[in-house]
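All remarks here apply to the structure that follows.
The values are calculated or read from the model by the stated rules, or taken from the named source; none is laboratory data. Predicted model only: the values in this text are computed from it and were never measured. Cβ coordinates were reconstructed from backbone atoms using ideal geometry, including for glycine residues, and neighbour counts include every protein chain displayed. To get the accessible areas, we keep the full protein, side chains included, count just its heavy atoms, and leave off ligands, DNA and RNA. Shrake-Rupley method; radii C 1.70, N 1.55, O 1.52, S 1.80 Å.
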Amino acid sequence: MTLRSTLKDKKRIVVKVGTSSLTHPKTGLVDLIKMERLVRELTDLHNQGKEVILVTSGAIAVGRKTIGMKDRPSELAVKQACASIGQARLMMMYQKLFMEYNQIASQILMTKNTLVNEGNRENARNTFETLLSMGAIPIVNENDTISTYEIQFGDNDTLSAVVSALVQADLLILLSDIDGLFTDDPNRNPDAKFIEYVNQVDEHFERMAKGASSDVGTGGMSTKINAARLATSAGADMIIANGADMGVIHQVMDGERIGTLFRANRTDDFYLIDYLDAPRI
């Protein structure tokens, strides 16, 4: 039995979708067909008896388009205002789509403050566990509206790995605008080779990762490698796959050779706070 074939048996799955996978590249507006397909895929996973958590980007992008702002804002206060507007609209769309399939969805907004305090961390874990036991699909995003630099995760790749570690997920699927991990940036180097399998995240892969610029997203390959290091150390397998077609989710779960698979390597002394740039409280 191959490692890919065991993915179908995973019970608790975190799926992260980036802004670039949810929006039209020319306009920056939400791609409703892809969003509906995402909801359908997640609901079908839930119908198979699996526990599903969605970590979604897109609040700032949706907010800025709602008010007619052309470029991604740079000022913190403007980002937070766009996030406040966009988060409400984004959740409204998710709720409407999940309701079409009679699936309960909930919203969880997090900052590092949620995790650096032991009591807050335990409360967050209990909330996730209760929601999953109720049959809900929690929809998670960073609380950009109140985050400051000191308490930001900074990108949802990291946030999704943190959530995976917090709830002890079996599998993390990162959907982005790339097919997986390459030896170099394939947009700049046509000789870059695709890497299908990573047994262990080490300095070699960390040096290999090069961040890719994007008008809508914040995470490059380096953030995905950091997410892989965190998630696999916590005991979860992780996949990086292209979210251009949301059907990739069931293809991954069916064991097809899609994306880059990072093998779980749980460390005996794993402690989540050690992987965050934040003090212990």
Inset, instruction - Exactly one condition in (1) buried (at least 19 other Cβ atoms within 10 Å of the Cβ); (2) at pLDDT below 90; (3) in contact with an Asp or Glu (Cβ under 6 Å, 6 or more places away or on another chain) is not met by K210; state its number. - result: (1)
Legend entry - region 1-22, residues that are among the β-branched types (V, I, T), assigned to a helix (DSSP H, G or I) and within 12 Å of the chain's Cα centre (by Cα): T19
Legend entry - Residue match in region 23-31 (condition: surrounded by fewer than 18 Cβ atoms within 10 Å (Cβ to Cβ) and assigned to a helix (DSSP H, G or I)): no
Legend entry - Subset of region 97-119 [open to solvent by less than 70 Å² (accessible area, probe 1.4 Å) and of a type outside the set (A, V, I, L, M, F, W, C)]: Q103, S106, T111, K112, T114, N117, G119
Legend entry - Residues that are within 28 Å of G28 (Cβ to Cβ), of a type in the set (S, T, Y) and part of a loop (DSSP other than H, G, I, E, B), drawn from region 171-199: none
Legend entry - Within region 58-80, considering residues that are charged (D, E, K, R) and either modelled with pLDDT of 90 or more or not in a helix (DSSP H, G or I) (or both), the one least open to solvent (accessible area, probe 1.4 Å): R64
Inset, instruction - Scan region 191-198 and give yes if some residue there is β-branched (V, I, T), at pLDDT 90 or above and under 15 Å from the mean Cα position of the chain (by Cα), otherwise no. - result: no
Legend entry - Only one of G217, G154 that is touching a helix residue (DSSP H, G or I) at 6+ places or on another chain (Cβ under 6 Å) and either open to solvent by less than 50 Å² (accessible area, probe 1.4 Å) or at pLDDT below 90 (or both): G217
Inset, instruction - Within region 161-177, identify whether any single residue is farther than 21 Å from L7 by Cβ and open to solvent by 30 Å² or more (accessible area, probe 1.4 Å), and answer yes or no. - result: yes
Legend entry - Residues within region 32-57 that are buried (at least 23 other Cβ atoms within 10 Å of the Cβ) and part of a loop (DSSP other than H, G, I, E, B), tallied: 1
Inset, instruction - For region 81-96, name all the residues that are basic (K, R) and either farther than 27 Å from A161 by Cβ or open to solvent by less than 50 Å² (accessible area, probe 1.4 Å) (or both). - result: K96
Legend entry - Qualifying residues in region 112-138 (those that are among the β-branched types (V, I, T), closer than 24 Å to N102 by Cα and assigned to a helix (DSSP H, G or I)) - the one nearest to the chain's Cα centre (by Cα): T127
Inset, instruction - Please go through region 243-257 and pick out each residue that is in a loop (DSSP other than H, G, I, E, B) and open to solvent by less than 40 Å² (accessible area, probe 1.4 Å). - result: G243, M246, G247, G255
Legend entry - Members of region 258-281 that are open to solvent by less than 20 Å² (accessible area, probe 1.4 Å) and farther than 29 Å from N113 by Cβ: G259, T260, L261
